[in-house]
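To keep things clear, I will list the structure first and then write my remarks on it.
Each value in this text was obtained by applying a stated rule to the coordinates, not by laboratory testing. Just so it is clear, the model here is predicted, and its values are computed rather than measured. Using ideal geometry, Cβ is built from the backbone for each residue, glycine included, and neighbour counts are taken over all protein chains shown.
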Amino acid sequence: VNAALNGCATPPTATVTATPTPTPSPQATPTATATATATATVSSNPNATLANIQTNIFSTSCTNVGCHDSASHQGNLVLVDAATSYANLVNVPAANIAGTKSGLVRAVPGDPASSFLFTKLSMPTPYDSLYGLRMPNTGVPLTAAQIQLISDWITQGALP
């Protein structure tokens with residue numbers, strides 16, 4: 001406006017207007033606002049217990065003569081009962097040469113992908129040049145549901 005009065009040919013092109021912020025009255029009471037928060041829910045598999053795995057998988061598929069029985073203890077691993085299986089699996093370094101060099105642990109509570117046990121059970125072929133044979137290497141291979149049960153047990157903390 002002053003520019004037009006002073007003889008300038010071009011009036012200002014923009015103006016800034018301040019808007020006062022309302023001040024809350026002393027009687028105003030703050031109200032709580034609900035906020036939605038997304039949380040991840042880990043589903044629990046009630047069948048994923050070591051006792052169930054021992055009875056239905058380890059004792060039937062892993063403790064055959066020449067495998068993970070007390071006499072043979074392939075890979076320095078014995079799976080004859082739940083207590084022995086737990087002591088030989090959870091937070092125990094892999095005995096396989098490649099697994100040892102890689103620093104792998106047989107069962108890492110909460111992390112099946114980092115667990116050597118899960119790797120040995122879920123290999124795509126029976127033979128793998130890095131970690132040896134897929135388990136079990138004799139008899140009937142484990143089903144996808146059996147491997148998932150072991151994965152669920154590890155995910156849920158690999159409890160005794």
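Derived scalar couplings between HN and Hα for the stretch 48-57 equal 7, 10, 4, 4, 5, 5, 4, 5, 9, 10 Hz in order, rounded to whole Hz, by the Karplus curve 6.51 cos²θ - 1.76 cosθ + 1.60 (θ = phi - 60°), x for Gly and Pro. Distance between the pseudo-spin-label points of residue 59 and residue 72 (7 Å out from Cα toward the beta carbon): 1.9 nm.
Give the shape of the stretch 54-151 as rounded, prolate or oblate, defined through the alpha-carbon gyration tensor: a ≥ b ≥ c are the square roots of its eigenvalues, a/c under 1.5 means rounded, and otherwise the shape is prolate if a/b is larger than b/c and oblate if not. Cα axes put the stretch 54-151 in the rounded bin.
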